[in-house]
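Engineer: Okay, handing you the structure first.
The values are calculated or read from the model by the stated rules, or taken from the named source; none is laboratory data. What you see is a predicted model; the values in this text were computed from it and never measured. With ideal geometry, Cβ positions are generated from the backbone for all residues, glycine too; neighbour counts draw on all protein chains shown.
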Amino acid sequence: MAAPDYKLFSGRQIRRLRRTLGLTQARMAEELGVSTSYLNLMERNQRPVTAQVLLRLAETYDVDLKTFAGNEEVSALAGLREVFSDPLLAAQRVDQQELKEVAAASPEVSQAIVTLHQAYRRALASANEMAGRVTGSERQLGLEDLRDPIEDVRDYLRACNNHFPDLEAAAEALHERARLSAETMFHDLQAYLGGTLGIGCRVMPVDVMSTMLRFFDRHRRRLLLSEALGEHGRIFQLACQLALLEQGPLLDRLVEEGNFADVQARKLCRMNLVNYFAAAVMMPYESFLRAAEGLRYDIDLLGRRFSASFEQVCHRLTTLERPGARGVPFFMVRIDGAGNVLKRHSAGSFQFARLGGACPRWNVHAAFQTPGKILTQVVQMPDGMRYFSVARTVPRVGLGHGTTAAPYAIAVGCEIGYASRLVYADGRNLDAPASDTLIGINCRLCERPDCEQRAFPPLNRRYVIDENRRLVSPFGALEE
């Protein structure tokens, strides 16, 4: 348990728990033994959550303390390490223990430092473009112009542990209203759209839809889906449209809670929440978690049971964070053939870099060499944390012969302590750290000197250039 003076700000998590339990601030304050005003301040991150309050939260509501204490600190520390690896700050030589103390004591200040650094890096990378914009528009660019909306949304999802109780409840209510069944999900949703909302649904040829997968014609009250979509894709798009038609106020409220300064970030967040709702409709929380535990997280079998794709199941696995009914805390990443990270979610401590791709030693890249085959791996990060990973390629939506539809690769995994609950770990020796694959966040942030696959030197280390010596990696020799 944290020391009494440990300062933790978990306002979003406490507010989300209270709303999930249907409690007023006054009721929760009474049950925690604090004043209503103090609880209000904690929810707004104007007062820290003390160790005593954390204990009362755990005892009163049977919640995992990692919900409040784990991810924010780990995320803050990873961000600070990335900032202080920048060559600009190389002379500072900030001790790693000091960074840990800052991240633990002030996660929000840490995030502010990361935000400023991101703005600096983007400004540096696009100085010429910015100069032209300033000259043409005769206005000064503020910090909001330099923020990355994708990262802003990812930060918000992570702060919420990628779990939204209100969307889960709305999806469950739709299941009841529409009497949905996994075996007839597409027809059930289609009937609900027509019978309840008066909206017709048609599957249209690719030559009509072109590159569109879904189009809602408001005037004619009809929804058009591309024939390029498979069954799971059609179900998903129907559920997305239902979210947009019926859950507008809820989506707007959740977006507002993100406090986004950028219009793009708000729109992107809204679409992420729409996708979340659609997945919750396809894979209802209680039945999906029960099936996942019963099948020992066999992704293919879960996909067949819920008429969902491999990627949809992997994404859903990262959302199983309901208090009192949690699944394995998974992380997930999707990359393309060039190694670009296109999607990432984490319900645990696994860290992804904000800039750049994933470590080349991670076998998510090797998945492209064996399409459709499951690959497993035990990996170890530089801080000693160990993870079990499952990787496989997944197809993109194809628009027919002559079009390019190169596959993606998906990796999903968890901390090594949970691996025995996964069918993929059967027969693996999970207690042999010496045989782990040593990986890093990415080359720029990894200081392992003996990596033969290093593509760049670490940001805070110079590499030795010696014309009389050639190593496997040109960046293998680093200055002390």
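Engineer: So, restricting to helices (runs of 4 or more DSSP H) that lie completely within segment 1-102, which ones have at least 3 residues that are closer than 22 Å to residue 351 by Cβ and at pLDDT below 80?
Structural biologist: 66-83
Engineer: Can you report the number of residues in segment 258-306 which are in a loop (DSSP other than H, G, I, E, B), farther than 26 Å from residue 426 by Cβ and not hydrophobic (A, V, I, L, M, F, W, C)?
Structural biologist: Adding up the residues that qualify gives 4.
Engineer: Working carefully through the options 335, 299, find the one that is closer than 17 Å to residue 375 by Cα and in the same structural domain as residue 409 (by TED's automatic domain parsing).
Structural biologist: It is 335.
Engineer: Which of (1) in a helix (DSSP H, G or I); (2) crowded, with 23+ Cβ neighbours inside 10 Å does residue 333 not meet, given it meets every other one?
Structural biologist: So the condition that residue 333 fails would be (1).
Engineer: I'd like the residue in segment 136-184 that is on the phi > 0 side of the Ramachandran plot and not acidic (Asp, Glu) and, out of all such residues, is modelled with the highest pLDDT.
Structural biologist: 179
Engineer: I'd like the full set of residues that are over 18 Å from residue 159 (Cβ atoms) and assigned to a loop (DSSP other than H, G, I, E, B), limited to segment 315-330.
Structural biologist: Selection gives 324, 327, 328.
Engineer: Which one is nearest to residue 82 (Cα to Cα), of the residues in segment 431-475 that are modelled with pLDDT of 75 or more and among the β-branched types (Val, Ile, Thr)?
Structural biologist: Filtering segment 431-475 for residues that are modelled with pLDDT of 75 or more and among the β-branched types (Val, Ile, Thr), the one nearest to residue 82 (Cα to Cα) comes out as 441.
Engineer: Okay, moving on. I'm checking my understanding of the structure. Among residues of segment 299-318 that are more than 19 Å from residue 329 (Cα to Cα) and touching a residue at least 24 places away in the same chain (Cβ under 8 Å), which one is surrounded by the fewest Cβ atoms within 10 Å (Cβ to Cβ)?
Structural biologist: The extreme case among them is 305.
Engineer: Is there a residue in segment 426-435 that is surrounded by 12 or more Cβ atoms within 10 Å (Cβ to Cβ), out of contact with any helix residue (DSSP H, G or I) (no Cβ under 9 Å at 6 or more places or on another chain) and either of a type in the set (Phe, Trp, Tyr) or not in a helix (DSSP H, G or I) (or both)?
Structural biologist: no
Engineer: I would also like to ask the following. What tally of residues in segment 354-389 results from selecting those that are over 14 Å from residue 331 (Cβ atoms), among the aliphatic types (A, V, I, L, M), part of a loop (DSSP other than H, G, I, E, B) and modelled with pLDDT of 90 or more?
Structural biologist: Going through segment 354-389 one residue at a time, the tally reaches 1.
Engineer: Residue pairs, Cβ under 7 Å, 6 or more apart or interchain, first in segment 160-186 and touching a residue at least 12 places away in the same chain (Cβ under 8 Å), second in a helix (DSSP H, G or I) and among the acidic types (Asp, Glu). List them.
Structural biologist: Pairs that qualify, where the first residue is touching a residue at least 12 places away in the same chain (Cβ under 8 Å) and the partner is in a helix (DSSP H, G or I) and among the acidic types (Asp, Glu), are 178/188; 180/188; 186/231.
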